[in-house]
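The structure appears below as structure tokens.
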Amino acid sequence: MSLAPGAPRALTRPAPATAAAGLRDALHAEWTKLRTAPGTAGLLAAAVALTVAVGAAAGAATRCPAAGCGQDPAKVSLTGIYLGQVVVAVVAVLAIGGEYSSGMIRTTLAAMPRRATVLAAKAVLVTGLTLAAGAVAVLGSLLAGRLILPGHGFTGAHGFAPLSLADGPVLRAAAGSVLYLALIALLSLGAATAVRDSAVAIGIVLGLLYLFPIVAGVVSDPYVQRHLQQIGPMTAGLEIQATTGLRSLPLSPWAGLGVLAAWAVGALLTGGLLLRLRDA
Amino acid sequence: MTTATAAPDRAATRAGRGRFGDLLRAEWTKFRTVRGWVIGMAVAALVTVLIGLLSAAGSHTSCNGGPCRFLYPVGPGGEAVTDSFYFVHRPLASHGSITARVTSLTGLLPTATGGRVRVGQGPQSGLHPGLEPWSKAGIIIKASTRQGSAYAAMMVTGRHGARMQYDYTQDVAGLPGAVTAASPRWLRLTRAGDTVTGYNSADGRHWTLVGTAVLPGLGSTVQAGLFATSPAYNVTTAQGLLGVSGTGGPTLATAVLDHVSLRGGQPAGAWSGTLIGGGPSAATPVQGGRYHRAGGTFTVTGSGDIAPDVPGGAGPGQTLDHTLVGAFAGLIAVVVVGTMFITAEYRRGLIRTTFAASPRRGQVLAAKAIVIGAVTFIAALVAAVVAVPLGSHVLRGNGNYLYPVTPLTEVRLVAGTAAMLAVAAVLALAIGALLRRSAIAVTVVIVAIVLPFLISVTNLLPAGADQWLMRLAPAAAFSIQQTIPNYPQVSNVCSVGGGCYPLAPWAGFAVLCAWAAAALGLAVFLVRRRDA
């Protein structure tokens, strides 16, 4: 037993009286873990840098030679989300997968036996971090697009206004992309909680994201193709980035984000249920 | 105690090769006793087959509500071909030659009106003067008037100069430049048994050899004469999420030929005109054709193409590699197992025992690479051997047309896919040894292999950028699945989604091998230097 001055006080501190107080403690503990885990800050910075860099590169590689070139400037600027989401998924997977690989999870659950509270605290923190990093990444991408795209034919003469958040559809694409990243993080957290292994979890998440569009690209039946795009978490979720040609989309932008939200909720519920039922 | 002392003695007396054999056995024992890895490999094989079958089940083609009857001609090499042209011909015996001078090649293209192409109504409504780059006209020796029969032809083309082409897939360049009345082209084909030799000339006196074609089983009497044809015009109008959409229509080419002479022809032979191919059942829309003779001058008009049939455009065909789309899912599972094969040792601390038992760390990594590569190859081979025949059965049952491939190509598709997964597993192992953290290693490898492919299929980046990505990234290896070659003499939208890759099959595979070798080399270097 430790005789450090602080120890007796900590031991005699009463158990949290309410669920809210329990969540507050859990949040504090999880925040400390997440903050001090190696890699979290670096990965989030990488997510921002990759998103902006890929978006800028896509903008620099795209040309709009004439009016009606069929390009969507907001979507082009936000291409980087395709890569950024992967880094966000890794952060979310490691938030719980790291504990399983080091055995820390047993300590965590011994200290906080309410497993739903632990998962909720992790979900809140991962969402918050992703929203913050995602907002920086999306704003950076749009700023890069605003600077780069007019030089590549996206001019007023061709029917394009400069990218601006004051424009309704652009605001929807920007805010939606940030929410998209947060939902991808929750999906990844749920998957990692369910399978208890970082490598397997990230494999499952990337499979879910990538396989739907790849299979849809091969299937020749347009009806099946459309359905695959409607149910795939990435294909449906990224509908939110569209600012032009909304009629031809398989789903409306917000409905698409709703599909991804359903995937995230499903993964979290599965993970939470398994966390409750199984040994750690 | 006796066994304990005997074991090191025995090991010490063994040669280096025996010790590497022990290492292989040790790594194989590790692999097969970890239940999760064995399950992971089984899952990889299973999803490869299942997703391939699901995607085949989701591909239907129907014609007017009923099953389709595909009557694509097949060329001498077993490939699907387009064989539609206007043929003015006479019989030719086993030895002889045909010569002609081409003084003009003109054409008609569909008129694009606001992105839409007007085709149809009258025989030539909605057409304006213009020439397709691969419009062709000239002289041809063909086994028979049956579509898909063997042939050799000397021709002038819209924008690729004079050429000799034979048996649909072969193409040799002759004199460059366009043909005009001031600068005509003389063409000659001589036949000696199964050998046909092509010559061209600018003045009819100085002839240069273009190429020699050997056409086995040409038969004693063949048809020789003049031809004209012009492939469909395609224009890309929009790039959507899942492919390039375009419009197009049939085109016409008209050639004027004179100084026509046929040696070795049967004396009673007379010129007759035949429309080869065409009609409503043809794969490519054909405008028809005709010929007109005034003295020694022939005017021949034709539409269609004499070329291998390639996927893409408006064709309803599926390529055989579509049955292996599940390999993407298999690849993800294989990468997870390959990474964990080394990162799990770091996580559990087993790596210290491993390195204490066999201090040659480079050999340990090599043994691991061989074991994971071999296991993956066998699992993926079983999956591909099951998925390809089952998938093609389902595809055909759903009314789809499958492009025919040679048995050798099918073997390359199946074995190449298995080899690609095996090398991907080795790459995953190497990246796992480099990073020692499984989640990041798995992500790096999957993103490097799958994301470039996805970007190309969904046309996220402009065409040039994604082609370079498919040349340089490890994703280049998917070219091993290409079943229909790229033919430079066929103008076609080459897209990854249509099964057309910028690199040749083995060159693309070599790119992945180079990545894996580089990563493994770096991993050996670092693992030797670092503490375990």
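A few points about this structure:
- Residue check, A:T36 away from chain B (no Cβ under 14 Å), at pLDDT 75 or above, over 28 Å from A:L139 (Cβ atoms) and exposed (fewer than 11 other Cβ atoms within 10 Å of the Cβ): no
- Out of A:G176, A:G145, A:G217, A:G190, sole residue that is in a helix (DSSP H, G or I), within 14 Å of another protein chain (Cβ to nearest Cβ) and either in contact with a Ser or Thr (Cβ under 7 Å, 6 or more places away or on another chain) or crowded, with 21+ Cβ neighbours inside 10 Å (or both): A:G217
- Test: A:L211 is buried (at least 24 other Cβ atoms within 10 Å of the Cβ) and either in a loop (DSSP other than H, G, I, E, B) or facing chain B (nearest Cβ under 10 Å) (or both): no
- Residue in the range A:71-86 that is more than 9 Å from every other protein chain (Cβ to nearest Cβ) and modelled with pLDDT under 85 present: yes
- Residues in the range B:467-480 that are within 11 Å of chain A (Cβ to nearest Cβ) and surrounded by 24 or more Cβ atoms within 10 Å (Cβ to Cβ): B:F478 alone.
- A count restricted to the range B:429-462 and to residues that are in contact (Cβ under 8 Å) with a residue 60 or more places away in the chain, within 29 Å of B:E79 (Cβ to Cβ) and more than 9 Å from chain A (Cβ to nearest Cβ) stands at 1.
- Whenever a residue of the range B:150-177 is within 18 Å of B:G130 (Cα to Cα), its partners that are surrounded by fewer than 24 Cβ atoms within 10 Å (Cβ to Cβ) and hydroxyl-bearing (S, T, Y), lying with C-beta atoms within less than 7 angstrom and at least six residues away or across chains, give the pairs B:G177/B:S183.
- Checking every residue in the range B:489-498 against the condition of being within 23 Å of B:L413 (Cβ to Cβ), in the same structural domain as B:A418 (by TED's automatic domain parsing), surrounded by fewer than 23 Cβ atoms within 10 Å (Cβ to Cβ) and touching a helix residue (DSSP H, G or I) at 6+ places or on another chain (Cβ under 7 Å) gives at least one match.
- Residue within the range A:131-147 that is within 16 Å of the chain's Cα centre (by Cα) and β-branched (V, I, T) present: yes
- On the stretch given as the range B:437-495, residues that are hydroxyl-bearing (S, T, Y) and at pLDDT 80 or above total 6.
- Restricting B:P110, B:P184, B:P216 to those that are modelled with pLDDT under 85 and either assigned by TED's automatic domain parsing to the domain that holds B:G304 or farther than 19 Å from B:T274 by Cβ (or both) reduces the list to B:P110.
- A:A89 surrounded by fewer than 20 Cβ atoms within 10 Å (Cβ to Cβ), touching a Leu at 6+ places or on another chain (Cβ under 8 Å), small (G, A, S) and within 17 Å of A:G128 (Cβ to Cβ): no
- Pairs, first of a type in the set (D, E, K, R) in the range A:192-206, second surrounded by fewer than 24 Cβ atoms within 10 Å (Cβ to Cβ), C-beta under 6 Å, six or more apart: A:R196/A:Y100
- Selection status of A:Y100, in contact with a Lys or Arg (Cβ under 7 Å, 6 or more places away or on another chain), aromatic (F, W, Y), part of a helix (DSSP H, G or I) and modelled with pLDDT of 80 or more: yes
- Selection within the range B:165-217 - assigned to a loop (DSSP other than H, G, I, E, B) and among the β-branched types (V, I, T): B:T169, B:V179, B:T180
- Selection from the range B:451-499 of residues that are of a type in the set (V, I, T) and assigned to a helix (DSSP H, G or I): B:I455, B:V457, B:I480, B:V496
- A:I240 being more than 7 Å from chain B (Cβ to nearest Cβ), in contact with a helix residue (DSSP H, G or I) (Cβ under 8 Å, 6 or more places away or on another chain) and surrounded by fewer than 24 Cβ atoms within 10 Å (Cβ to Cβ): no
Quick grid of which residues meet (1) touching a Lys or Arg at 6+ places or on another chain (Cβ under 9 Å); (2) more than 10 Å from every other protein chain (Cβ to nearest Cβ); (3) not polar (S, T, N, Q):
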site	(1), (2), (3)
B:D321	no, no, yes
B:T339	no, no, no
B:E345	yes, yes, yes
B:G349	no, yes, yes
B:F355	yes, yes, yes
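- Of all residues in the range A:220-236, those being within 7 Å of chain B (Cβ to nearest Cβ) and hydroxyl-bearing (S, T, Y) number 1.
Every residue, every condition in (1) modelled with pLDDT of 90 or more; (2) over 23 Å from B:S55 (Cβ atoms), yes or no:
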residue: B:I276; (1), (2): no, yes
residue: B:R293; (1), (2): no, yes
residue: B:D309; (1), (2): no, no
residue: B:L320; (1), (2): no, no
residue: B:V335; (1), (2): yes, no
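The values are calculated or read from the model by the stated rules, or taken from the named source; none is laboratory data. Note that this is a predicted model, so its numbers are computed, not measured. Glycine gets a Cβ as well: all are built from the backbone with ideal geometry, and neighbour counts include every protein chain shown.
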